[in-house]
Each structure stands twice: as structure tokens, then as C-alpha cells.
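Working notes, structure below.
What follows draws every value from the coordinates through simple rules; no lab data is involved. Given the structure is predicted, the values throughout are model-derived calculations rather than measurements. FYI the Cβ positions are ideal-geometry reconstructions off the backbone, even for glycines, and counts take in every protein chain you see.
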Amino acid sequence: MSVIMLQWANGDPRRLENYFAENRDTIEAILAHANEHGLIAHRFYGSEGRILIADEWPDEESFLRFAEAASALIAPMFEATGIAMEPATFWRKLETHDEVGWGA
């Protein structure tokens, strides 16, 4: 069963969006690494002064292998945008039998 990886950061969401707009090659290279390691879904979300990364991976190990393989691309991105990442957390779906949406 897949896991959801959530990672919070302090930083300016607009600054991150601008970085992505100006560095398409870097972003595409990071996504290529992610896809090679099994990425199922990915989104960035922003709020005032906060950023949330939400991913779905086959398992925690797949994300960790990706993070190691792509660290030379990811670290400069966060440094350039002034984003301070918090540790990732991994969540498994609970069997509560009350699912709605997402192909329930």
C-alpha cells in the first residue's frame, strides 16, 4: 500500500513559484529522478509564509532513495529560495471504511 509524504517548510510561496518558472530544466530533472523512483503523485501548496509538499510514493524507502539521488538538485533550489525544510513525515491510509473520493 502506498504512503503519503508530507513535508512543511517556512518560506515565501511566490518566491518558489518564481524559481520554478525560471528554472524549468532543473525542475524537469528533479521530476525525472522522482519518476525513476516511483513517484505516484506530487503537489506543492502555499499559504502565507508556509509551503507544503504532498507526495504519494509506493513506500517510504522509494522517497528516501529519490531524495538521496536528487539532493544535488533539490538543496540548491531551497537555498536559492530561502526555504527552510522540516523533516518529512509519512502517512499510511487507515482502514476506517468511510472513504469518499479519490477512487474510493
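Here are some notes:
- Distance between modelled label sites at TYR45 and ALA67, nm, 7 Å Cα→Cβ extension: 1.9 nm
- Look at the dipole of the chain built from charges on Cβ: of SER71, PRO13, ALA84, the Cα furthest out on the positive end belongs to PRO13.
- Placing +1 on the Cβ of every Lys and Arg and -1 on the Cβ of every Asp and Glu, with no other charges, gives the chain a dipole of roughly 200 debye about its Cα centre.
- Taken along the Cα-to-beta-carbon direction at a fixed 7 Å, the label points for PHE90 and PHE78 span 1.7 nm.
- With the helix formula -39500 (n - 2.57) applied to DSSP H stretches of n ≥ 4, the chain reaches a computed 222 nm mean residue ellipticity of -14000 deg cm²/dmol.
- For the pair ILE53 and HIS97, the difference between a 0.36 nm per residue extended length and the Cα-Cα distance amounts to 13.2 nm.
- Take the Kirkwood radius over Cα pairs of the chain, plug it into Stokes-Einstein at 37 °C and 0.692 mPa s, and you get 224 µm²/s for translational diffusion.
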